[in-house]
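Down below is the structure, laid out as structure tokens.
The values are calculated or read from the model by the stated rules, or taken from the named source; none is laboratory data. The shown structure was predicted, so the numbers you read here are calculated from the model rather than taken from an experiment. Cβ sites come from the backbone with ideal geometry, for glycine too, and all protein chains shown count toward neighbours. Heavy atoms of the whole protein, side chains included, go into the accessibility calculation; ligands, DNA and RNA do not. Shrake-Rupley method; radii C 1.70, N 1.55, O 1.52, S 1.80 Å.
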Amino acid sequence: MAGNKNLHRASREKNDEFYTQLVDIENELKHYIQHFKDKTIFCNCDDPEESNFFRYFALNFEHLGIKKLIATHFDAEKPTYKLEIDRELDLNADGKIDFADIQRIPLEQNGDFRSPECVEILKSADFVVTNPPFSLFREYVAQLMEYDKKFLIIGNQNAITYKEIFQLIKENKIWLGNGFNAGNAYFKVPKDKAKQYVKGVYDENTGLVKFRNCVWFTNLDHAKRHQEIDLWATYNPENYPHYDNYDAINVNKVKDIPKDWTGKMGVPITFLDKYNPDQFEIIGLDRYVEDNPNYGRRFSLNNKEVYARILIKHKQGGENVK
Ligand SMILES: C[S@@+](CC[C@H](N)C(=O)[O-])C[C@H]1O[C@@H](n2cnc3c(N)ncnc32)[C@H](O)[C@@H]1O
């Protein structure tokens, strides 16, 4: 899939310069508006002059009841700055807090999210909301966990299969957000980076690239996470073969999960988009399931390795057909 290939390439070449559109931020953030009242929000991978994350929260500062908004600018080579909006600082004294009340404050360091200065801001924040560099995703999430922050961030769907990230998903410390429209995410790229993308992915007219496998990762609760997947299929051995090397059945599509199989099932990673922790239990990720006799290798069917599978079980119910 061309979009995926380009995302891999973006990660490989450490080309982390693609910018989230306001409409995508609005579409996701509308599911969490109750969370931000009286809170401090930090956008720590956002050139505040350009970032639509900063723009979104500045536009909605009063509506969401935010206490403070901070965004830091990163430049590997030199000290940078942050922009702040503070509920207590109505700079133009017009009785409302908005773009007119932005303070531009120099940083002593370069705005790296790992720099001591940014870590201090992180400690003071309640929420982190951004699209961080995909090439540093593991490190980025580890830092959020270390400082026990609430977050909503964009990442590559493949990050689900990173061992450390999957462990957090399994422990219900991270889950997916609501997602992009039909799974298609469009990002703005600087003109000089456009040539890195194959034809059909970069649109010259809009200046946007299309990525097929971007998702939102969060630890904020939302309604979709509590909706049950509607199941209709019943188990039969032809459609749901057992793996050669592990005691579980293979399910190729999430919509085909058999409602009556009470054993383990391997499902595609897109399952997480519909995962309701009250309906299913996540046992592990194929290669890293503890009792995988070929630990580190995926499951196979007829001696052919099956692409990444999450091992799940129904939480309750279903007649045991084993
Ligand atoms: C995928 S882009 C997204 C930018 C912005 N958050 C948005 O969504 O429009 C990731 C951004 O992180 C910045 N970045 C790269 N390494 C960083 C670091 N170590 N600390 C902070 N920001 C970094 C890049 O300059 C880039 O602008």
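Descending by average beta-carbon neighbour count within 10 Å, the peptides 137-149, 57-69, 197-209 line up as 57-69, 137-149, 197-209, the highest first. For D203, the shell of other residues with beta-carbons less than 13 Å away shows a net charge of +3, using +1 for Lys and Arg and -1 for Asp and Glu. Once the 1.4 Å probe is applied to the protein heavy atoms, the chain comes out at 49 Å² accessible per residue.
If you take all other residues with their beta carbon under 10 Å from the beta carbon of N92, and give Lys and Arg +1 and Asp and Glu -1, the sum is -3. Taking amide H positions as modeled 1.01 Å from N, with prolines and chain starts lacking one, the residues under 5 Å from A248 and 5 or more places away or on another chain are Y243.
Per residue, the convex hull around the alpha carbon atoms of segment 51-111 comes to 76 Å³.
Under a model in which nothing but the beta-carbon of Lys, Arg (+1) and Asp, Glu (-1) is charged, segment 209-294 shows a dipole of about 540 debye around its Cα centre. Summarise the accessible area of the chain (1.4 Å probe, protein heavy atoms) by the percent that is carbon and sulfur. Roughly 46 percent of what the probe reaches on the chain is carbon or sulfur. Run through segment 206-299 and list the trypsin sites (Lys or Arg not before Pro) located in a DSSP loop whose Cβ has at most 13 other Cβ atoms within 10 Å. The qualifying sites are K253, R297. Give me the tail of P(r) for the chain as a percent: Cα-Cα pairs with distance above 38 Å. So the pairs more than 38 Å apart make up 22 percent of the total in the chain. By the scheme Lys and Arg +1, Asp and Glu -1, what is the net charge of all other residues having a beta-carbon under 12 Å from that of I283? Charge balance in the 12 Å sphere: 0.
Taking +1 at the Cβ of each Lys and Arg and -1 at the Cβ of each Asp and Glu, which of Y32, F53, L89 sits farthest along the dipole of segment 19-96 towards its positive end, judged by Cα position relative to the Cα centre? In segment 19-96, that residue is Y32.
Shown here are the Rg and Dmax of the Cα trace of segment 1-142, at 15.7, 53 Å. In this structure, the amide hydrogen of F217, modeled 1.01 Å from its nitrogen in the peptide plane, lies closer than 5 angstrom to those of I153, I154, G155, G177, counting only residues at least 5 positions away or on a different chain.
How fast does segment 235-315 diffuse by Stokes-Einstein, in µm²/s, taking the Kirkwood radius from C-alpha pairs at 4 °C and 1.567 mPa s? The estimated diffusion coefficient comes to 103 µm²/s.
Please list, in order, the residues from segment 254-270 whose amide nitrogen is less than 13 Å from a point placed 7 Å along the Cα→Cβ vector of E228. Residues 259-260 fall inside that zone.
Would you mind checking K37/K123; K30/K224; K170/K259; K123/K224; K150/K253; K68/K191 for any pair whose Cα atoms are more than 23 angstrom apart? Beyond 23 Å: K123/K224; K150/K253; K68/K191. Here the relative contact order of the chain, from alpha carbon pairs under 8 Å that lie six or more residues apart, stands at 15 percent. Taking 0.36 nm per residue of sequence separation and removing the Cα-Cα distance, the K149/E238 pair yields an extension gain of 27.4 nm. Here the label points at E108 and N184, each 7 Å from Cα along the C-beta direction, are separated by 4.9 nm in the simple model.
The P(r) of segment 155-309 has a tail past 25 Å containing 40 percent of all C-alpha pairs. Dipole check for segment 132-232: with +1 at the C-beta of Lys and Arg, -1 at the C-beta of Asp and Glu, and the Cα centre as origin, the magnitude is about 340 Debye. Couplings 3J(HN,Hα) of segment 57-71, computed from phi: 6, 5, 4, 9, 3, 6, 4, 8, x, 5, 8, 8, 10, 10, 9 Hz, in residue order, whole Hz [Karplus 6.51 cos²θ - 1.76 cosθ + 1.60, θ = phi - 60°; x for Gly and Pro]. Simple spin-label estimate for S135 and L89 gives 3.3 nm between the two label positions (7 Å along the Cα-to-Cβ direction from each Cα).
Listed values for segment 34-41 are Karplus-derived 3J(HN,Hα) couplings in whole Hz (6.51 cos²θ - 1.76 cosθ + 1.60, θ = phi - 60°), namely 6, 7, 9, 4, 6, 10, 9, 10, and x replaces Gly and Pro.
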